Ligand code: SAH
């Protein structure tokens with residue numbers, strides 16, 4: 001299909017309060033909007049052919065115009081005894097994105113993509129290397145969550161049926177660089193049924209490189225999702241290279257925006273920090289980070305670097321990681337080391353899609 005062709009509009013692109021009017025544009029009665037919402041967001045059923053409460057004549061129309069199929073599964077890969085599953089999706093124009101579903105004893109989390117590729121160009125991230133292909137629509141983002149909710153409800157992962165409890169915007173893309181579709185997808189995820197999936201805003205984490213204007217805008221939207229800031233180093237000199245948007249918004253400005261977010265929403269935010277051996281894991285950087293964060297409502301999530309193919313960087317030595325944790329703890333800064341779920345299926349950073357694209361081009 002033509003790459004420039006626009007993504008078809010979908011029910012999930014439309015704000016809940018406009019859906020009745022929108023479907024009337026297809027000569028469907030307004031009350032059908034609630035039924036469609038219930039099928040999609042409560043039962044994760046997007047196949048009108050199976051809807052017994054819908055007249056046969058309307059089913060085809062809904063299937064093509066209201067709920068067009070936006071994502072098609074190319075392949076799933078599982079690891080961790082089936083408790084982690086990575087799905088590779090093809091979009092209507094052939095573009096590939098991925099999501100990762102992780103089941104734990106007490107929760108199930110899906111990590112979703114907000115863009116195909118990414119324009120932020122962080123040198124340690126596989127997604128960043130290929131640049132931005134395009135933004136995803138709200139419905140393309142939402143569809144990844146609906147698919148995960150369905151997989152949980154169907155008991156597709158070991159241990160029986162469960163409820164999808166958490167959503168993290170930590171797949172491909174910079175969510176705040178695709179602001180409006182991401183916000184609409186958050187509304188779809190957090191709105192109570194039938195208008196949305198009914199997942200609490202605090203169970204949704206938006207991870208950003210630190211686009212200050214986006215963080216500030218998000219404060220006023222009334223969707224208090226958990227904010228995660230990819231800091232990766234406390235000093236501007238190194239951050240200018242690790243997270244190049246730092247040349248636009250400095251560490252101080254990013255933290256000030258996160259503080260404001262936290263003040264207004266009452267939510268503690270996360271600082272993400274990928275520990276890279278001999279690059280950002282020195283004692284003095286741990287100390288500087290501790291001093292920066294000790295009086296802030298922040299929690300540090302250390303991520304052992306997942307090396308990308310051909311990268312000269314690797315994860316920190318375990319003893320350096322331990323020392324880093326200890327320094328932060330001494331400052332009273334809450335810190336955890338992220339588990340490395342999905343490593344053997346390149347679940348952390350866009351590598352499967354990248355691999356698939358390079359195969360397609362070779
Ligand atoms: N663009 C957003 C969200 C996507 S990535 C952001 O940057 O926050 C989610 C997290 O994974 C970010 O903190 C990102 O820096 C981190 N990450 C990317 N590549 C990584 C790698 N190779 N190893 C460890 N963490 C990585």
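Structural remarks
- Lone unmet requirement of (1) out of contact with any strand residue (DSSP E or B) (no Cβ under 7 Å at 6 or more places or on another chain); (2) under 30 Å from residue 102 (Cα atoms); (3) modelled with pLDDT of 95 or more for residue 81: (3)
- Members of region 55-68 found to be touching a helix residue (DSSP H, G or I) at 6+ places or on another chain (Cβ under 6 Å) and part of a helix (DSSP H, G or I), listed by number: 59, 62, 63, 66
- Note on region 215-239: among residues that are assigned to a helix (DSSP H, G or I) and closer than 16 Å to residue 270 by Cβ, the one that is farthest from the ligand (Cβ to nearest atom) is 218.
- Matching residues, region 321-340, being modelled with pLDDT of 90 or more and either closer than 20 Å to residue 123 by Cβ or in a loop (DSSP other than H, G, I, E, B) (or both): 331, 332, 333, 334
- Test result for residue 52, surrounded by fewer than 19 Cβ atoms within 10 Å (Cβ to Cβ) and assigned to a strand (DSSP E or B): no
- Residue tally, condition over 22 Å from residue 164 (Cα atoms) and in a helix (DSSP H, G or I), over region 10-33: 10
- Any helices (runs of 4 or more DSSP H) falling wholly within region 101-203 and containing at least 2 residues that are surrounded by 20 or more Cβ atoms within 10 Å (Cβ to Cβ) and more than 15 Å from the ligand (Cβ to nearest atom): 138-153, 179-190
- For residue 15, the stated conditions hold: it is more than 24 Å from residue 156 (Cβ to Cβ) and touching a residue at least 12 places away in the same chain (Cβ under 8 Å).
- Enumeration of residues in region 268-288 that are within 12 Å of the ligand (Cβ to nearest atom), in contact with a helix residue (DSSP H, G or I) (Cβ under 7 Å, 6 or more places away or on another chain) and either part of a helix (DSSP H, G or I) or under 13 Å from residue 321 (Cβ atoms) (or both): 275, 280
- Residue count for region 62-87, restricted to those that are crowded, with 17+ Cβ neighbours inside 10 Å and under 17 Å from residue 139 (Cβ atoms): 6
- Within region 204-214, the set of residues being part of a loop (DSSP other than H, G, I, E, B) and more than 15 Å from residue 183 (Cβ to Cβ) comprises 209, 210.
- The single condition from (1) closer than 27 Å to residue 315 by Cβ; (2) modelled with pLDDT of 95 or more that residue 144 fails is (1).
- Every residue from region 88-100 that is surrounded by fewer than 22 Cβ atoms within 10 Å (Cβ to Cβ) and closer than 24 Å to residue 159 by Cβ: 88
The values are calculated or read from the model by the stated rules, or taken from the named source; none is laboratory data. Please read these numbers as outputs of a predicted model, since none were measured by experiment. Glycine also receives a Cβ, built like all others from the backbone with ideal geometry; neighbour counts cover every protein chain displayed.
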